[in-house]
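So the structure is just underneath, and the comments pick up after that.
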Amino acid sequence: MKMTRRSFIVSSAAATGGLALGFRLPFGGPEVVRAADGSPEINAWVVIQPNDTVVIRCVRSEMGQGTITGLAQMVAEELECDWKKVKYEYPTPGESVKRKRPWGDFSTGGSRGIRTSHDYVRQGGAAARVMLVQAAANEWKVPVSECVAANSVITHKPTGRKTTYGKVAEAAARLEQPKNVTLKDPKDWKLIGKPIKRLDTADKVNGRQVYGFDLKLPGMVNAAIKESPVFGGKVKSFDAAAVSSMRGVKKVMQVGDTAVAVVADHWWNAKTALEKLPIVWDEGPNAKVSSESIAEMLKAGLDAEQGFVGNQAGNAKQALAGAAKKVEAVYSYPYQNHVCMEPMNATARYTADKCEVWVPTQDGEASFAAVLAASGLPADKCDVYKINLGGGFGRRGAFQDYVTQAVMIAKEMPGTPVKLLWSREEDMVQGRYHPVMQCKMVGGFDANNNLTSLHMRLSGQSILASVRPAIVEQQKGRDPLTFQGVFDSGEHSFGYTMPNLLIDHAMRNPHVPPGFWRGVNINQNAVFIESFMDELAEAAGKDPVAFRLQFMKEHPRNAKVLQAVADKIGWTKPAPKGRFRGVAQMKAFNSFVAAAAEISVQDGGKKVKVHRIVAATDPGYAVNPAQIERQVSGSFVYGLSALFMQECTVKDGRIVETNFHQYDSMRIAQMPRVETIIVQGGGDTWGGIGEPTICVAAPAVLNAYYKATGKRIRSVPLKNHGITMV
Amino acid sequence: MAKLSINGKTFDVDVDPNQPLLWAIREQVGLTGTKYGCGIAQCGACTVHIDGAPVRSCSFPVSAAVGKKITTIEGLAEGGKLNKVQEAWLRHDVPQCGYCQSGMIMAVTALLKEKPKPTDADINAAITNICRCGTFQQVREAIHSISKQSA
């Protein structure tokens with residue numbers, strides 16, 4: 001790890017909403033880097049205050065998924081500090097640039113928070129411990145090998161003499177960073193693997209947690225914005241005079257080519273005026289597009305000649321042509337919005353010398369890049385202060401449109417901090433939506449009723465073609481992410497081995513902007529493949545679990561989680577009277593996940609009660625089992641809301657649904673009991689937690705629904721079939 | 001100018017009497033624990049108590065709140081001591097992102113005042129707040145733990 005010793009600017013925005021402060025104290029000596037309160041930095045990861053408080057720095061964002069607690073557990077494990085005295089803080093992207101990224105990647109998406117940083121954060125903790133122990137040994141003039149650290153106390157074993165981290169921190173901060181540190185064997189972990197409570201709960205029960213939406217800065221004004229409801233449309237004209245004398249209004253302005261904002265003293269006044277503002281849009285050719293036209297476009301791809309291949313074995317097309325029996329089905333998955341509870345927002349202050357932004361962001365570096373681009377200022381004149389998020393789910397990472405807008409507005413009012421907040425309605429119609437996809441499945445059986453071939457043809461939207469076109473170009477037009485959960489290798493590899501297999505994608509990209517939505521492409525791929533596996537099992541006259549296991553001999557970890565949920569729900573025994581069961585499994589974000597659902601139906605299948613879901617996840621290593629349980633049960637709320645209730649439809653080129661009355665979300669009454677099984681399969685690569693399990697709830701419920709009703713539902717959401725969740 | 005009584009203090013707010021109470025609480029009074037989630041009384045993030053009853057303040061005009069006793073999340077603790085719902089939330093580590101939890105805690109506090117030992121059916125009927133992180137399993141466990149404590 002390379003660490004440049006410089007004065008450090010700490011973001012205190014999350015705590016106080018105030019400005020960051022940083023300074024170098026004259027008595028600290030030239031080598032010591034200090035936090036805002038003057039406490040010495042042992043290294044980039046660890047600051048220790050004289051009262052033994054340990055401040056752990058991480059750059060991944062906390063949006064509810066518990067990553068900060070997990071990361072701090074890993075630093076603290078190696079640091080051997082007192083967990084009760086641990087706090088956390090976010091370094092800023094500007095500081096990261098200055099120091100050449102000692103904290104690594106800020107991006108908090110793809111369930112990467114822990115699985116891709118566990119190694120270097122543990123090293124950060126271990127290096128700090130080595131320095132602290134060395135400082136104590138130096139003070140006592142004893143060999144360091146005679147000293148041990150535990151619970152923030154260093155003990156000289158032969159004499160029993162003790163000191164604390166707080167007392168030796170100043171001296172430790174002056175030592176050289178150790179070049180190599182040895183990490184603990186996992187069997188010796190004391191904090192990692194324990195169901196420790198989160199570090200960020202206290203302020204979330206008393207209203208004190210400051211979200212971006214709550215930020216107050218001196219002299220701040222508030223902005224509301226409306227962007228062209230037709231994606232790709234532009235502002236033609238607007239009549240500012242019609243609203244400029246309304247209560248509190250300070251400014252009415254165009255933002256770029258596509259949006260209009262009203263700035264007022266208070267946000268309510270800005271929003272009220274914006275609603276009255278006459279705006280004429282140049283809607284462009286996309287205004288002709290509808291959900292129906294998009295469905296037709298995708299349907300044509302189901303049988304198109306050209307498709308990008310994501311997975312193949314043998315010769316599926318030939319085998320299907322010669323099959324004794326074929327089973328065929330077409331599935332579809334809609335556009336869906338993230339609907340974070342905290343609508344998009346960012347606060348910007350711009351002067352010719354400095355542009356600062358306070359934002360709830362999943363990726364501080366992406367926010368920083370947006371600030372640089374929108375302000376036109378160099379990196380050393382910009383910074384971003386990260387604030388904990390009121391939900392992210394993929395909306396607040398790669399996409400920083402609200403940051404760009406906030407900076408553009410602030411540039412028109414130099415020196416005045418501007419808080420831009422989207423209304424829920426703006427949030428609903430300016431999403432970066434879960435992409436639409438259709439899928440044609442064909443399975444071929446031989447004369448003995450053995451499945452010998454499978455063709456899975458995806459037709460629909462690529463996220464990367466829109467968001468990361470360079471990757472698609474590098475892949476000669478293919479979007480590898482489309483194949484999450486069914487890919488030929490890697491962290492999203494297919495969990496079945498079949499003699500003749502073809503999984504390919506006819507890319508069809510409508511104008512609606514797609515995005516990364518919790519779980520991303522595993523949501524639809526799990527519905528497609530795991531529903532169809534049940535259809536194939538039935539055609540083969542086999543039990544769905546036994547049928548799947550036939551093809552999982554080379555996928556023991558997939559098989560293990562599937563077997564675990566089957567065992568726990570009592571798969572081989574009859575379900576309680578009136579209850580019906582279904583299963584699903586997948587590998588995603590390097591974790592192996594499975595679910596078994598138990599449901600009942602009423603009114604001939606019009607009402608569905610999901611009673612119970614047993615879920616298993618094998619991420620390799622479980623850093624905090626209590627948080628894993630919460631991510632699993634919580635992700636099912638997100639995933640089952642999507643399955644039953646959620647579709648963003650397109651009419652006249654724009655999204656129709658504008659709020660929860662048209663886009664519902666599960667309530668507590670609809671919540672099944674979730675029983676989580678954590679399997680720790682170990683291994684060299686760690687799996688993610690926040691996203692993988694989400695995808696198995698929907699197909700498990702759909703498979704149970706078929707058992708209950710004999711009706712196979714092949715399109716999401718179920719509300720379109722007159723089915724409600726009770 | 002409207003006079004509002006919030007958490008035992010009186011505030012004069014200069015707003016359109018039809019303005020939703022939520023925005024007066026947040027923007028004029030400056031108490032930001034009460035959240036905006038939808039503006040149409042669907043999600044419950046803005047729940048406050050008016051004379052003890054849970055109200056979705058995003059759809060409740062300031063004029064109707066005048067002369068009434070308003071309590072927000074900031075007013076639940078008494079003498080610095082959290083109420084039993086807040087304590088249960090800490091014990092069960094309920095919040096994830098936490099954004100909806102002010103409203104959730106207000107709704108649960110009102111429920112327990114009416115029914116100190118709510119059944120699952122009582123909880124299902126009274127707690128209709130949206131939580132996108134999906135904390136419902138922990139919310140239910142925490143509510144039942146309070147009933148057990150007072151048993």
- Of the residues B:VAL94, B:VAL85, which single one is within 27 Å of A:GLY394 (Cα to Cα), within 10 Å of another protein chain (Cβ to nearest Cβ) and either surrounded by 15 or more Cβ atoms within 10 Å (Cβ to Cβ) or modelled with pLDDT of 95 or more (or both)? B:VAL94
- Note on the structure: Just one listed residue, out of A:ALA410, A:ALA369, A:ALA352, is crowded, with 23+ Cβ neighbours inside 10 Å, more than 14 Å from chain B (Cβ to nearest Cβ) and among the small types (Gly, Ala, Ser), and it is A:ALA410
- For segment A:413-440, enumerate the residues that are buried (at least 24 other Cβ atoms within 10 Å of the Cβ), closer than 25 Å to A:ASN523 by Cα and of a type in the set (A, V, I, L, M). A:VAL436, A:MET437
- Single residue of segment B:26-55 satisfying the filter (touching a residue at least 60 places away in the same chain (Cβ under 8 Å) and hydroxyl-bearing (Ser, Thr, Tyr)) that is farthest from the other protein chains (Cβ to nearest Cβ): B:THR47
- All positions within segment A:126-164 that are of a type in the set (A, V, I, L, M) and assigned to a helix (DSSP H, G or I): A:ALA126, A:ALA127, A:ALA128, A:VAL130, A:MET131, A:LEU132, A:VAL133, A:ALA135, A:ALA136, A:ALA137, A:VAL144
- Message: Among the residues in segment A:507-514, are any surrounded by fewer than 17 Cβ atoms within 10 Å (Cβ to Cβ), modelled with pLDDT of 95 or more and touching a strand residue (DSSP E or B) at 6+ places or on another chain (Cβ under 7 Å)?
- Response: no
- Within the group A:GLY219, A:GLY212, A:GLY233, which residue is more than 30 Å from A:ASN388 (Cβ to Cβ) and either in contact (Cβ under 8 Å) with a residue 40 or more places away in the chain or away from chain B (no Cβ under 13 Å) (or both)? A:GLY233
- Within segment B:16-25, residues being out of contact with any Lys or Arg (no Cβ under 7 Å at 6 or more places or on another chain) and either of a type in the set (Phe, Trp, Tyr) or facing chain A (nearest Cβ under 8 Å) (or both) number 3
- Query: Looking at B:ALA107, B:ALA126, which one is within 12 Å of chain A (Cβ to nearest Cβ) and farther than 30 Å from A:SER61 by Cβ?
  - Reply: B:ALA126
- Please state which one of A:PHE636, A:PHE660 is within 8 Å of chain B (Cβ to nearest Cβ), in contact (Cβ under 8 Å) with a residue 40 or more places away in the chain and over 19 Å from the mean Cα position of the chain (by Cα). A:PHE660
- Query: With respect to A:PHE516, is the statement that it is touching a Phe, Trp or Tyr at 6+ places or on another chain (Cβ under 9 Å) and closer than 26 Å to A:ALA704 by Cα true?
  - Reply: no
- Item | B:CYS100 being facing chain A (nearest Cβ under 10 Å) and within 14 Å of B:THR128 (Cα to Cα) | yes
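Residue-by-condition table, conditions (1) farther than 27 Å from A:VAL472 by Cβ; (2) out of contact with any helix residue (DSSP H, G or I) (no Cβ under 9 Å at 6 or more places or on another chain); (3) more than 14 Å from chain B (Cβ to nearest Cβ):
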{"position": "A:ARG247", "(1), (2), (3)": "yes, no, no"}
{"position": "A:ALA259", "(1), (2), (3)": "yes, no, yes"}
{"position": "A:ASP265", "(1), (2), (3)": "yes, no, no"}
{"position": "A:THR272", "(1), (2), (3)": "yes, yes, no"}
{"position": "A:ILE279", "(1), (2), (3)": "yes, yes, yes"}
{"position": "A:ASP282", "(1), (2), (3)": "yes, yes, yes"}
{"position": "A:SER291", "(1), (2), (3)": "no, yes, yes"}
{"position": "A:ASP303", "(1), (2), (3)": "no, yes, yes"}
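The values are calculated or read from the model by the stated rules, or taken from the named source; none is laboratory data. Given the structure is predicted, the values throughout are model-derived calculations rather than measurements. Counting neighbours? That spans all protein chains shown, and the Cβs are built from the backbone with ideal geometry, glycine included.
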